[in-house]
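Beneath this line is the structure, given in structure tokens, with notes to follow.
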Amino acid sequence: MSARRAGPPAPARRPVPVGAVDLSVRLGPLRLGNPVLTASGTFGYGDEYAHVVDVKALGAVVTKTVTLEPRSGNPPARLVETASGMLNSIGLENVGLERFRREKLPHLCALGATVVTSLGGETPAELERLLDVLGHERAIAGFELNFSCPNVAKGGARYWAAPRRLERTVARLRPLTKKALVAKLSPDVTSIGDLARACEQGGADAVTACNTFTGMAVDLVHLRSRLGRATGGLSGPAIKPLALARCHEAARAVRIPVIGSGGIMDARDALEFLAVGASAVQVGTATFLQPDAALRIVAGLRAELAGRGVARVCDWTGVLCGEPLGEGPPARRPSG
Amino acid sequence: MSITRPVWRQSRGRVVRHDDHGAGHRWLELEVKSPFAAPGPGQFVQLRLPPTASPVLLPRPMSVASVARSRGALRVGFLYAPVGAGTRALAGLGAGSEVEVLGPLGRGFPLGHRGTPVLLAGGRGVAPLLFAADVLARRRRAAVLLFGARGRTQLARLTDAHRRLAAIGGRLHVCTDDGSLGPRGNVVHLLERILPGLAGPLVLHACGPHAMLKAVALWSLARGVPAFLAMESMMACGTGVCRGCALPRSANARAAYVPATASSLHGSREWAMCCTEGPVFAAEDLDWERIE
């Protein structure tokens, strides 16, 4: 067996009582009871799962992406299961701003959830109009700007994969709300670190790394894509190592918090994202397997941290960032 | 379209019976822990195997073929064929194995609909229709079952179908594509053939491959006979959240779609969600030209 690489030794701390673990985290102006959020598009508008999941106990519910007008979404087939993952091509189907504000938001608010509203726009001006309307809604704790949908012709991941456009857009949106502004980034870029820095420069409170990876599957019988649109977004355990590397890169590039996302199925997966610098995580595909997956991860995190003698989750964030993990900018150790 | 709150629950099921049923079919019976509402004919559940027992990620939607209560627990039966990685893994589960069960999901056959019920089954699509025949019998309504398959060996549970239809005073007609049992042809040909002997008005309930359902739907639309068809679609969540199982609405259904009254669990003007609005759809609600 080879010698252990230099780095912080595994902390030989005394276990902490499970109930004493502090899971609270801060994302800019937003303080969350725990670091586990639902990933946009995998938890509806929160009310669909409310009869089986106590949404108050989640760090936050990130809603399905809301656009100015209702969207019908993409033609079927919209789903394909692949090895340890799934491709989706939903195409931002949603009820639109008006119905979201009138019907969905009051309901979600009544359930006591911390609501982060995901916003989608084909242009900076569309995002501006959405924030004009929602920016001061009391029921909303924060916004996640969906800069990374791989399944739309306009305003998708490719359009937003330009650092200057991102920086200018975030800077235009920043004055429209005092609530947390999070930018969700695509992994299909040359450097997610550059995009994360651009969002930080523009005034974002946090970035999410990352959305689904563009993927494809071929129907060899009919010789066509197995999805209605040629490509889709890959999620699930298949992308976890890839997403973890993007999360690590983003966390080393910025001083604002990073929310890790991509293939998190259990608490140990979440611990890995936190270890490489994420302050919080999003759970998506796992919810399709078990609607209460995110809550199980909250409980699991508490137990895992307690067993490791870590009293506060923020002390675990970035424990790997001190390690010489290869090329890249100097490591950052969060102050916690 | 009514807005209903979901009633499904997450539960665990224990395999209490799992047998070979010939011609590649298997019969699975699970004892499901409460709280779990009894599914009706046409409804489905999502079955998820322990990750160590299955190479697939997503749960599999399985149409319910029987429901019985025994000692306070619910026994739910399924007829399936191990044709993909998920169902092949399922086939390996022995008695006593545990699976995760989510349900009951979707909307089943509207068995209270007016008219003489004619049940049209293709292959293993017979299972939920035998369940429907039992429920109809309890309501003192005899059903006619038209059962078709590629050949006689694909007529799954044929003996059981004979026995159960006889017990409830129903009638069974059989056909095969290759003529190995009953007249050669599909269930629509069979329906045409026996139509003069049926007391109208009729209502059709069908389950089978999409090509068969399309033939039934087009036949019923041309004659103004109400028909309800159990559709399939690739699903992830099964609960209306992932929006993956979209089916095209007909022009009339698009025109009648009122966003203000539609539940967000349902689809959009363009697309219906198979999991929450279906899997059983009225023939006039879908655009059959765009269904494969």
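The values are calculated or read from the model by the stated rules, or taken from the named source; none is laboratory data. Here the structure is a predicted model, which means the values were calculated and not measured. Positions of Cβ are backbone-derived with ideal geometry, glycine not excepted, and every protein chain shown enters the neighbour counts.
Only one of (1) surrounded by fewer than 23 Cβ atoms within 10 Å (Cβ to Cβ); (2) touching a residue at least 40 places away in the same chain (Cβ under 8 Å); (3) aromatic (Phe, Trp, Tyr) fails for A:Phe100. Which number is that?
(1)
Limited to segment A:59-96, what total is found for residues that are at the interface with chain B (Cβ under 7 Å from one of its Cβ atoms), touching a residue at least 40 places away in the same chain (Cβ under 8 Å) and charged (D, E, K, R)?
1
Among (1) in a strand (DSSP E or B); (2) more than 19 Å from A:Glu126 (Cβ to Cβ), there is one condition A:Leu181 misses while meeting the rest; what is its number?
Only one criterion in (1) in a strand (DSSP E or B); (2) more than 19 Å from A:Glu126 (Cβ to Cβ) is unmet by A:Leu181, namely (2).
Among the listed residues B:Ala81, B:Ala65, B:Ala23, B:Ala73, which satisfies the condition of being small (Gly, Ala, Ser) and farther than 17 Å from B:Arg157 by Cα? Break it down stepwise before answering.
Values: B:Ala81 fails: farther than 17 Å from B:Arg157 by Cα; B:Ala65 fails: farther than 17 Å from B:Arg157 by Cα; B:Ala23 fails: farther than 17 Å from B:Arg157 by Cα.
Result: B:Ala73 is the single residue among B:Ala81, B:Ala65, B:Ala23, B:Ala73 that is small (Gly, Ala, Ser) and farther than 17 Å from B:Arg157 by Cα.
Report, by residue number, each residue of segment B:248-275 that is within 23 Å of B:Pro104 (Cα to Cα), surrounded by fewer than 24 Cβ atoms within 10 Å (Cβ to Cβ) and more than 7 Å from chain A (Cβ to nearest Cβ).
Residues satisfying the conditions are B:Ala262, B:Ser263, B:His266.
Do any helices (runs of 4 or more DSSP H) lying entirely in segment B:135-242 carry at least 2 residues that are over 30 Å from A:Pro75 (Cβ atoms), and which ones are they? Lay out the reasoning, then the answer.
On the way: elements: B:158-167, B:187-194, B:210-223.
Filter on segment B:135-242 gives B:158-167, B:187-194.
List pairs: first residue in segment A:221-250 and buried (at least 18 other Cβ atoms within 10 Å of the Cβ), second residue among the aromatic types (Phe, Trp, Tyr) anywhere in the structure, Cβ distance under 6 angstrom, at least six positions apart or on different chains.
As it stands, the answer is A:Leu234/A:Phe213; A:Ile239/A:Phe213; A:Cys247/A:Phe273, since those pairs meet every condition given.
What number of residues within segment A:97-117 are within 14 Å of another protein chain (Cβ to nearest Cβ) and either touching a Gly at 6+ places or on another chain (Cβ under 9 Å) or among the aromatic types (Phe, Trp, Tyr) (or both)?
5
If B:Pro59 satisfies all but one of (1) over 30 Å from B:Ala255 (Cβ atoms); (2) in contact (Cβ under 8 Å) with a residue 40 or more places away in the chain; (3) more than 14 Å from chain A (Cβ to nearest Cβ), what's the number of the condition it fails?
(3)
Does A:Val62 fit the bill of being modelled with pLDDT of 95 or more and under 18 Å from B:Cys237 (Cα atoms)? Show your work before the answer.
Working: modelled with pLDDT of 95 or more: yes; under 18 Å from B:Cys237 (Cα atoms): yes.
So A:Val62 passes the test.
Do any strands (runs of 3 or more DSSP E) entirely within segment A:191-300 hold 3 or more residues that are at pLDDT 95 or above and within 15 Å of the chain's Cα centre (by Cα), and if so, which? Don't jump to the end; show me each part of the working.
Values: elements: A:206-209, A:213-215, A:232-235, A:258-261, A:278-283.
Where strands (runs of 3 or more DSSP E) fall fully within segment A:191-300 and carry at least 3 residues being at pLDDT 95 or above and within 15 Å of the chain's Cα centre (by Cα), they are A:206-209, A:232-235, A:258-261, A:278-283.
With closer than 20 Å to B:Phe78 by Cα and out of contact with any Ser or Thr (no Cβ under 9 Å at 6 or more places or on another chain) as the only criterion, which of B:Leu155, B:Leu172, B:Leu136 stands out?
Numbers: B:Leu155 fails: out of contact with any Ser or Thr (no Cβ under 9 Å at 6 or more places or on another chain); B:Leu172 fails: closer than 20 Å to B:Phe78 by Cα.
Among B:Leu155, B:Leu172, B:Leu136, only B:Leu136 is closer than 20 Å to B:Phe78 by Cα and out of contact with any Ser or Thr (no Cβ under 9 Å at 6 or more places or on another chain).
Just name the residue that is surrounded by the fewest Cβ atoms within 10 Å (Cβ to Cβ) out of those in segment A:264-305 that are hydroxyl-bearing (Ser, Thr, Tyr) and within 13 Å of another protein chain (Cβ to nearest Cβ). Let's see the steps before the verdict.
Let us first name the residues in segment A:264-305 that are hydroxyl-bearing (Ser, Thr, Tyr), namely A:279, A:285, A:287.
Subsequent filtering for residues that are within 13 Å of another protein chain (Cβ to nearest Cβ) retains A:285, A:287.
Values: A:Thr285: 28, A:Thr287: 24.
Going through the qualifying residues, I end up with A:Thr287.
Looking at this structure, is B:Glu100 within 14 Å of chain A (Cβ to nearest Cβ), charged (D, E, K, R) and either crowded, with 23+ Cβ neighbours inside 10 Å or over 29 Å from B:Leu202 (Cβ atoms) (or both)?
Numbers: within 14 Å of chain A (Cβ to nearest Cβ): yes; charged (D, E, K, R): yes; either crowded, with 23+ Cβ neighbours inside 10 Å or over 29 Å from B:Leu202 (Cβ atoms) (or both): yes.
So B:Glu100 passes the test.
Which one is nearest to B:Trp8 (Cα to Cα), of the residues in segment A:45-59 that are within 16 Å of the chain's Cα centre (by Cα) and at pLDDT below 95?
Step one: list which residues in segment A:45-59 are within 16 Å of the chain's Cα centre (by Cα), which gives A:45-46, A:58-59.
Remaining after also requiring at pLDDT below 95: A:45-46.
Details: A:Tyr45: 18, A:Gly46: 16 Å.
This residue is A:Gly46.
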